[in-house]
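*Asks:* Here you go, one structure.
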Amino acid sequence: MIYLNHAASSFPKPEPVISAVEAALRSPPEGEGRGGELASASSRCRAALAALFAVRDPGHVILTASATHALNLAIHGVLAGRPGGHAVTSLLEHNSLLRPLAHAARDRGLCTTWLEPDPEGRISPEAVASALRRETRIVALAHVSNVTGSVQPIEEIAAVAADAGVPLVVDAAQSAGAVELAHGALPGRGFVALAGHKGLLGPTGTGALIVPDASLPPLLTGGTGVRSESELQPEELPLRLEAGTANGPGLAGLAAALELVLARGVATLGARRAELLGELRRELAAVEGVELVAPLPHDRRGGLVCLRHARHAPEELAYLLRASFEIVTRAGLHCAPRAHAWLGSAPRGSVRVSVGASTTEAEVSALCAALRRLA
Amino acid sequence: MRVTSRRKLEDCFDRVAAYELELDEELAERPMRSLARGDALDFHPDFPRPYFRIERRRAWLLQGVLGNRTIRVTLMGEDHEQQLAELRSLIEQSEGERQWQRS
């Protein structure tokens, strides 16, 4: 099988990740209290994520079930307390960011400005600056679009948001593990949400939110294993934002994955993605019947491209590739309906091809060879 | 040939009602052609796994590969249950390979 669906989840997982998950499942889940292997896996994840994202205090790395969980924690937390206000986001966002904003609009009267990207899918800091209002309470953007693959200039956007005193929520689901981002160097109040199972190579059911301070209210309250005498959630991080028994096997796998990513280096992994995407683009350009849904961005570390075929609808094409050629891609709207509407590919969407740490040039060529046979 | 089970596909097929139908035998060329009778057949025996596509206008699209025990169906109409029942009946009336070998 040729797996070109890394933007959904990385596959195959590295052997040390599989071994770590298996070992965790075969071990007693907890020592006395909540110590033992689980605490060790959590600490290793926090330490590794702090190193990857230049976080000053590993306690500011909140372990979550997914990037979606992290985004809900950040967005609902930033907007908590008073109704109304204004948000700045873009047309490229995933539903994990769109829907929390939409619920805040419906339930609390939040007003949203949807920024239109430039033809390469880039949101300029100037566009963010001009959208800001006195009542703006949040800027929320993906670092890398899961439809165009475009990489946003998050550091410059963070400076704009910081100048206005507005918190910035970054959806780093697609960028984590491929595009470097130093949380510690972001000016202002930056929140970074990430998934553990995509570019970070860990198991599904893992993610994190990096927070600048302890100001967010908890989304979930419950057991923490310590301060049990308190009726309310403890105030200090990370306990304030983590409740309930953690995903021990998932965190054990994530810790192993993060250590691999640290060893290989995000810059190296990102450069490899960009190289493969360049190769894919060169080959696709010569395939009759294939049309790219968005121009390939100048910065190719996003590692993905969306395409349509003259003779096959997206979901038909994805099935054909999988069933006959054993090539796995992803069809549909990719949970980013506004992005596809902007690109003109709604309502059927497109076929997304995404490369990852395990992808080879031969696999990219095999996809293009398969597409040539469909002309 | 019988349909032994059906499974709705929920994996990011936006605005598309798609099902996977499981058959009681591997699909061979003869029953596939029988299934396509009167409809538009697109057959690629030269693909790594022989691929077919059968389209009944405004009703359904069947996709599969020979040798598999499953067929993917995309429904285009409104009443999915009725369409699935009609399709099931069509598949079960089509001449399965085992049936053909017996006759």
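*Asks:* Any chance you could check the Cα centroid distance between segment A:87-108 and segment A:190-235 for me, in angstrom?
*Replies:* Their Cα centres are 21 Å away from one another.
*Asks:* Right, next: I need the phi-derived Karplus couplings for segment A:148-155: 6.51 cos²θ - 1.76 cosθ + 1.60, θ = phi - 60°, integer Hz, Gly and Pro marked x.
*Replies:* Working through the residues one at a time gives 9, x, 5, 9, 8, x, 4, 4 Hz.
*Asks:* To the nearest 10 degrees, how steeply does helix A:95-108 sit against the main Cα axis of chain A, on a 0 to 90 scale?
*Replies:* Helix A:95-108 sits roughly 50 degrees off the main axis of chain A.
*Asks:* On to the next question. Set the Förster distance to 30 Å, then compute FRET efficiency between A:ALA105 and A:ILE18 from the Cβ-Cβ distance, nearest 0.05.
*Replies:* Values: r = 42 Å, r/R0 = 1.40.
Once rounded, the FRET efficiency stands at 0.10.
*Asks:* Please work out the average accessible area per residue across the protein assembly as shown, using the 1.4 Å probe convention, and give it in Å².
*Replies:* 42 Å²
*Asks:* What list of ³J(HN,Hα) couplings, whole Hz, do you get for segment A:72-85 from phi and the Karplus terms 6.51, -1.76, 1.60, once you set θ to phi - 60° and write x for glycine and proline?
*Replies:* 5, 4, 5, 5, 5, x, 5, 8, 5, x, 9, x, x, x
*Asks:* A further question follows. Which whole number in µm²/s is D for segment A:1-160 by Stokes-Einstein, with the Kirkwood Rh taken over Cα pairs at 37 °C and 0.692 mPa s?
*Replies:* 177 µm²/s
*Asks:* Starting from the Kirkwood Rh over alpha-carbon pairs, what translational D in µm² s⁻¹ does segment A:173-224 have by Stokes-Einstein at 25 °C and 0.890 mPa s?
*Replies:* Details: Rh = 12.7 Å.
My calculation gives 194 µm²/s for D.
*Asks:* Choose one of A:ALA341, A:SER124, A:VAL147: the residue whose Cα lies farthest towards the positive end of the charge dipole of chain A (beta-carbon charges +1 Lys, Arg; -1 Asp, Glu; about the Cα centre).
*Replies:* Farthest towards the positive pole: A:ALA341.
*Asks:* Return one quarter of the surface area of the convex hull spanned by the alpha-carbon atoms of segment A:266-374, equal to its mean projected area, in nm².
*Replies:* Result: 6.6 nm².
*Asks:* Further, regarding this structure: Using a basic spin-label model with each label point 7 Å from the Cα along Cα→Cβ, how many nm lie between A:ASP163 and A:ALA129?
*Replies:* Those two pseudo-labels are separated by 0.4 nm.
*Asks:* Same structure, new question: Within 9 Å, Cβ to Cβ, of A:ASN5, how many net charges do the neighbouring residues add up to if Lys/Arg are +1 and Asp/Glu are -1?
*Replies:* Within the 9 Å Cβ shell, the charges total +2.
*Asks:* Quick one: Cα centre-to-centre distance for segment A:38-57 and segment A:287-307, in angstrom?
*Replies:* Rounded to whole Å, the Cα centres lie 34 Å apart.
*Asks:* Multiply the residue separation of A:ARG372 and A:ASP213 by 0.36 nm, subtract the distance between their alpha-carbon atoms, and state the gained length in nm to one decimal.
*Replies:* Details: separation 159, 0.36 × 159 = 57.24 nm, distance 5.26 nm.
Taking A:ARG372 through A:ASP213 to full extension adds about 52.0 nm, to one decimal.
*Asks:* Still on this structure, please answer the following. If you plug each phi of segment A:181-197 into the Karplus form 6.51 cos²θ - 1.76 cosθ + 1.60 with θ = phi - 60°, what whole-Hz ³J(HN,Hα) values come out, in order, with x for Gly and Pro?
*Replies:* Once θ is set to phi - 60°, the couplings for segment A:181-197 become 8, 9, 4, x, 9, 6, x, x, 9, x, 10, 10, 9, 9, 9, x, 9 Hz.
*Asks:* For segment A:134-214, what are Rg and Dmax over the alpha carbons, in angstrom?
*Replies:* Cα only, segment A:134-214: 12.7, 41 Å (Rg, Dmax).
*Asks:* Just the number, please: buried accessible area between A and B, total of both chains, 1.4 angstrom probe, nearest 100 square angstrom.
*Replies:* 1700 Å²
*Asks:* Determine, at each q value in 0.12, 0.13 (inverse angstroms), the log₁₀ of I(q)/I(0) that the Debye formula gives when each Cα of the protein assembly as shown is one equal point scatterer.
*Replies:* Those come out to -1.08, -1.19, one per q.
*Asks:* Quick one: in segment A:156-284, what % of C-alpha pairs are over 21 Å apart?
*Replies:* Distances greater than 21 Å cover 54 percent of the Cα pairs.
*Asks:* Rg/Rh for segment B:3-102: what does it come to with C-alpha atoms and Rh from Kirkwood?
*Replies:* 0.94
*Asks:* Within segment A:15-264, what whole-number % of the accessible surface is contributed by carbon and sulfur, with the 1.4 Å probe and all protein chains included in the calculation?
*Replies:* Heavy-atom surface of segment A:15-264 belonging to carbon and sulfur, 1.4 Å probe: 53 percent.
*Asks:* How much of the accessible area of segment B:3-102, probe 1.4 Å, is carbon plus sulfur, in whole percent?
*Replies:* Roughly 41 percent of what the probe reaches on segment B:3-102 is carbon or sulfur.
*Asks:* For segment A:15-264, what number results from the quotient of the Cα radius of gyration and 2.2 N^0.38 Å? Please list the in-between numbers first.
*Replies:* Numbers: Rg = 18.0 Å, N = 250, 2.2 N^0.38 = 17.9 Å.
Rounded to two decimals, the normalised Rg is 1.00.
*Asks:* Give me the angle, in degrees from 0 to 90, between the Cα long axis of helix A:314-325 and the longest principal axis of the Cα atoms of chain A, rounded to the nearest 10.
*Replies:* 80 degrees
*Asks:* In segment B:3-102, with Lys and Arg counted as +1 and Asp and Glu as -1 at Cβ, which of these residues, B:SER34, B:ALA59, B:ILE91, has the Cα nearest the positive end of the dipole, that is, farthest along it?
*Replies:* B:SER34
*Asks:* Points 7 angstrom from Cα along the Cβ direction at A:GLU231 and A:GLU326: gap in nanometres?
*Replies:* 6.2 nm
*Asks:* Still on this structure, I have one more. Please determine, in degrees from 0 to 90 and to the nearest 10, the orientation of helix A:36-52 with respect to the longest principal axis defined by the Cα atoms of chain A, where the helix direction is its Cα long axis.
*Replies:* Once rounded, one gets 60 degrees.
*Asks:* With +1 assigned to the C-beta of every Lys and Arg and -1 to the C-beta of every Asp and Glu, and no other charges, what is the dipole magnitude of segment A:219-344 about the Cα centre in debye, to the nearest 20?
*Replies:* Dipole about the Cα centre, nearest 20: 480 debye.
*Asks:* Right, here's the next one. With +1 on the Cβ of every Lys and Arg and -1 on the Cβ of every Asp and Glu, and nothing else charged, how large is the dipole of chain A about its Cα centre, in debye rounded to the nearest 20?
*Replies:* Dipole size: approximately 640 debye.
The values are calculated or read from the model by the stated rules, or taken from the named source; none is laboratory data. Treat the numbers as computed from the prediction; the structure is a model and nothing was measured. Neighbour counts are summed over all protein chains in view; Cβ atoms, including those assigned to glycine, are modelled from backbone coordinates with ideal geometry. Each accessible area value is taken on the protein alone, full model and side chains, heavy atoms only, with ligands, DNA and RNA left out. Shrake-Rupley method; radii C 1.70, N 1.55, O 1.52, S 1.80 Å.
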